[in-house]
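> Below is a structure I'd like to ask you about.
The values are calculated or read from the model by the stated rules, or taken from the named source; none is laboratory data. Bear in mind the structure is a predicted one, so any value in this text is a computation, not a measurement. Surface areas here come from the heavy atoms of the whole protein model, side chains and all, with no ligands, DNA or RNA. Shrake-Rupley method; radii C 1.70, N 1.55, O 1.52, S 1.80 Å.
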Amino acid sequence: MKAVEFLLYTLKPGTGKEFHRIMTEESAPLHRSAGMDSEAWRLGPRQAIIDRISLSVKSVLTLSDSAIENLRSS
């Protein structure tokens, strides 16, 4: 079992396209290679992402390894 954090963002008007680019080209690859707590994340796209968010809702769930793998593959 692992704790998994789900984030729901409401973006500032007009920032969706750039937010998506940052997430897919910069943030997600960093997460996969180094994890959320890495220095690369804090010095990389973190602030550019935060600057585009007007509201954030966080949920934390405990999930089995198989459930996490199902989420990753969907």
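> Counting only protein heavy atoms and a 1.4 Å probe, tell me what percentage of the chain's accessible area is made up of carbon and sulfur.
Here it works out to 56 percent.
> So what's the gap between the Cα centers of region 31-74 and region 1-23, to the nearest angstrom?
Between the Cα centre of region 31-74 and that of region 1-23, the gap is 9 Å.
> What do you get when you divide the Cα radius of gyration of the chain by 2.2 N^0.38 Å, with N the number of residues?
In units of the 2.2 N^0.38 Å rule of thumb, it is 1.19.
> Please compute the length gained on full extension between VAL4 and LEU63, using 0.36 nm multiplied by the number of residues separating them and subtracting their Cα-Cα distance.
Fully extending the segment from VAL4 to LEU63 adds 20.6 nm.
> In terms of modelled amide H atoms, which long-range or inter-chain residues lie less than 5 Å from the amide H of ILE53?
Amide H neighbours of ILE53: LYS12.
> Read phi for every residue in region 53-70 and hand back ³J(HN,Hα) as whole Hz from Karplus 6.51 cos²θ - 1.76 cosθ + 1.60, θ = phi - 60°, with x for Gly and Pro.
Per residue, the Karplus-derived 3J(HN,Hα) values read 9, 9, 8, 10, 10, 10, 10, 10, 10, 9, 10, 6, 4, 5, 5, 5, 5, 5 Hz.
> I need the phi-derived Karplus couplings for region 17-28: 6.51 cos²θ - 1.76 cosθ + 1.60, θ = phi - 60°, integer Hz, Gly and Pro marked x.
Couplings: 5, 6, 4, 4, 4, 4, 5, 7, 8, 10, 5, 4 Hz.
> Between GLU39, GLU26, GLU18, find the one with the highest GNM mean-square fluctuation for the chain; connect C-alpha pairs within less than 10 Å.
GLU39
> List the aspartates and glutamates whose Cα sits under 19 Å from the Cα of LYS12, skipping any in the same chain fewer than 8 residues away.
Partners within reach: ASP51.
> To continue, here is another question. Residues of region 33-74: accessible area per residue at 1.4 Å, in Å²?
Per residue, region 33-74 has 73 Å² of solvent-accessible surface.
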